[in-house]
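Data block below; observations after.
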Amino acid sequence: MKKIIHFSLSSHDEVMYRSEADLIWGFNCLALGALVTDSSLMADGLMSTHHHAMVQTDAPRALIKRSRYTYTRYFNAKYHRRGRLAERSPFILEIKGINHLTVALNYVNRQGLHHGLAATPFGYPHCSANAYFRKDFGRVSPDVLMPDEQRSNYLPDRAQVPSEYRMSKSGLLLREDVLDTSFVEQLYVTPRNFLFQMNRMTDDNWAEEQKKDQNNLPPVTLDVIEKGVTGVDIAKLLRNENGRINRNRMADLELCQIIDSVYVPRITNSEEKTVYDLSLSARSRLGDVLWREIPSKYRKTVTPAQISRCLCLKYI
């Protein structure tokens, strides 16, 4: 019998998604992993250093292994990198009970909000929050889809994808086709309740509601969901629920794009080289340059830890 699980996979001190294209490939690989393991994806949230997923499966480790392997091949080839990407052992949590499941889904769908990248869960495009109740919220699928003959450019070699999985012009398999949205919508019952769950503040009621499941399990909390991700400030994530975005802060994706498109070509005199082609000492020197230049040139703030992970300074 298939179980419902939450899993997260983290790269810790290294960015695992450096561009929008990487995030698209990341989700496509997750979708393919679910297909080959006969699993049903329910929700997902992809961040620069980690991703979360809710899935109904009897082979969670096979799903994670397959999707990670496929994405790692893409990432390593693109950036001239070697070795395993992300931690060896993912964080896996079995979910039992309707209330436990609702809270877990809430946290996964609110990734962009919690990490301060959007004022609401719906403002972050790389999660599943916009995949449910689409008709009720007046959302329509894109009119322009990827032509069939070009779909293979955004999928691994010999990937078999059902024809009902549409692909956007950016190469993304549409989440509303991939995810088991009907199951999730039945769980939330109404669009109004879904909106309420996406916008409610985390408090003690979340834990109390989960006691109704009577499964003698501890409640699902944000620190449990983020357990597999290092360096996360749970208090800060909870404050971000207020939706006050620091627009002066540069996101990892933006910093990586500046590094990859501006600084690396300048250092290497080549459009083909990547940050991984730089020596550790060269990356360290570049980090000093970024620390000085980013605030003045781009009017954004960065942190030393952010520069370190975007330059992969701890990758050897």
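A few comments on the model shown:
- Hits in segment 139-171 (condition: hydrophobic (A, V, I, L, M, F, W, C) and within 16 Å of Leu35 (Cα to Cα)): Leu155, Ala159, Val161, Met167
- Scan segment 231-243 for residues that are loosely packed, with under 15 Cβ neighbours inside 10 Å and modelled with pLDDT under 90 and the total you get is 1.
- Evaluation of Phe122 against (1) touching a Phe, Trp or Tyr at 6+ places or on another chain (Cβ under 9 Å); (2) over 27 Å from Asp233 (Cβ atoms) (one fails), failing number: (2)
- Residue in segment 284-293 that is within 29 Å of Leu113 (Cβ to Cβ), in contact (Cβ under 8 Å) with a residue 12 or more places away in the chain and out of contact with any His (no Cβ under 7 Å at 6 or more places or on another chain) present: yes
- Cross-chain or 6+ apart pairs with Cβ under 7 Å, segment 117-138 first and among the acidic types (Asp, Glu), then modelled with pLDDT of 95 or more: Asp136/Pro191
- Assessment of segment 14-26 against the conditions (among the aliphatic types (A, V, I, L, M), in a loop (DSSP other than H, G, I, E, B) and closer than 28 Å to Asp277 by Cα) yields at least one matching residue.
- Residues considered: Ser163, Ser168, Ser89, Ser128. Of these, the only one that is in the same structural domain as Asn216 (by TED's automatic domain parsing), in contact with a helix residue (DSSP H, G or I) (Cβ under 7 Å, 6 or more places away or on another chain) and closer than 21 Å to Cys29 by Cα is Ser128.
- Of the residues making up segment 33-81, those that are in contact with a Phe, Trp or Tyr (Cβ under 7 Å, 6 or more places away or on another chain), farther than 20 Å from Ile95 by Cβ and part of a helix (DSSP H, G or I) are Tyr71, Tyr74, Tyr79.
- If the condition is being touching a helix residue (DSSP H, G or I) at 6+ places or on another chain (Cβ under 7 Å), among the aliphatic types (A, V, I, L, M) and outside any loop (DSSP other than H, G, I, E, B), then segment 204-230 contributes Leu222, Ile225.
- Scanning segment 72-92 for residues that are surrounded by 18 or more Cβ atoms within 10 Å (Cβ to Cβ) and within 17 Å of Thr57 (Cβ to Cβ) yields Pro90, Phe91.
- The residues in segment 111-147 that are in contact with an Asp or Glu (Cβ under 8 Å, 6 or more places away or on another chain) and either within 17 Å of Met201 (Cβ to Cβ) or aliphatic (A, V, I, L, M) (or both) can be counted, and the count is 3.
- If only residues of segment 259-316 that are surrounded by 15 or more Cβ atoms within 10 Å (Cβ to Cβ), part of a loop (DSSP other than H, G, I, E, B) and among the basic types (Lys, Arg) are counted, the one that is farthest from the chain's Cα centre (by Cα) is Lys273.
- Residues of segment 156-182 satisfying the condition of being surrounded by 13 or more Cβ atoms within 10 Å (Cβ to Cβ) and outside any loop (DSSP other than H, G, I, E, B): Met167, Ser168, Leu173, Arg175, Glu176, Asp177, Val178, Thr181
- For Leu85: the one exception among (1) of a type in the set (A, V, I, L, M); (2) farther than 30 Å from Asp277 by Cα; (3) in contact (Cβ under 8 Å) with a residue 60 or more places away in the chain: (2)
- Checking Leu30 against (1) in contact with a Phe, Trp or Tyr (Cβ under 7 Å, 6 or more places away or on another chain); (2) outside any loop (DSSP other than H, G, I, E, B); (3) buried (at least 18 other Cβ atoms within 10 Å of the Cβ), the condition it does not meet: (1)
The values are calculated or read from the model by the stated rules, or taken from the named source; none is laboratory data. What you are looking at is a predicted structure, and each value in this text was computed from that prediction instead of being measured. Backbone-built Cβ (ideal geometry, glycine too); neighbour counts: all protein chains shown.
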